[in-house]
1. Restricting the search to the stretch 27-81, which residues are part of a helix (DSSP H, G or I), over 17 Å from residue 6 (Cα atoms) and either in contact with a helix residue (DSSP H, G or I) (Cβ under 8 Å, 6 or more places away or on another chain) or touching a residue at least 12 places away in the same chain (Cβ under 8 Å) (or both)?
2. How many residues does the stretch 1-10 hold that are touching a strand residue (DSSP E or B) at 6+ places or on another chain (Cβ under 7 Å) and in a strand (DSSP E or B)?
3. Restricting to the stretch 11-26, name every residue that is surrounded by 10 or more Cβ atoms within 10 Å (Cβ to Cβ) and either at pLDDT below 95 or outside any strand (DSSP E or B) (or both).
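The values are calculated or read from the model by the stated rules, or taken from the named source; none is laboratory data. Quick caveat: nothing in here was measured; it's all calculated off a predicted structure. FYI the Cβ positions are ideal-geometry reconstructions off the backbone, even for glycines, and counts take in every protein chain you see.
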């Protein structure tokens, strides 16, 4: 089954849960300086996940199933001034 993460198509198992996306992104971004700094200050990465235009809340990660053609996006806070 195919779904896109930030406009890049990716293959998933038919029974894949949203938590798999969360884990993939967090693992890929954990060493980025900004993410490290956010975790240092807050204890969390504060990455926001969006599925088909809707924010996915953390309590949904384990139960939400990925569907064919889903558009998954993620954003993290960017500090500046």
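1. So the first thing to find is which residues in the stretch 27-81 are part of a helix (DSSP H, G or I), and the list is 27-29, 33-42, 58-60.
Retained after the next criterion (residues that are over 17 Å from residue 6 (Cα atoms)): 33-42, 58-60.
Across the stretch 27-81, the qualifying residues are 34, 35, 38, 60.
2. Total satisfying the criteria: 6.
3. Taking the stretch 11-26 as the starting set, the residues that turn out to be surrounded by 10 or more Cβ atoms within 10 Å (Cβ to Cβ) are 12, 16-26.
Within the stretch 11-26, 12, 16, 18, 19, 20, 21, 22, 23, 24, 25, 26 meet the criteria.
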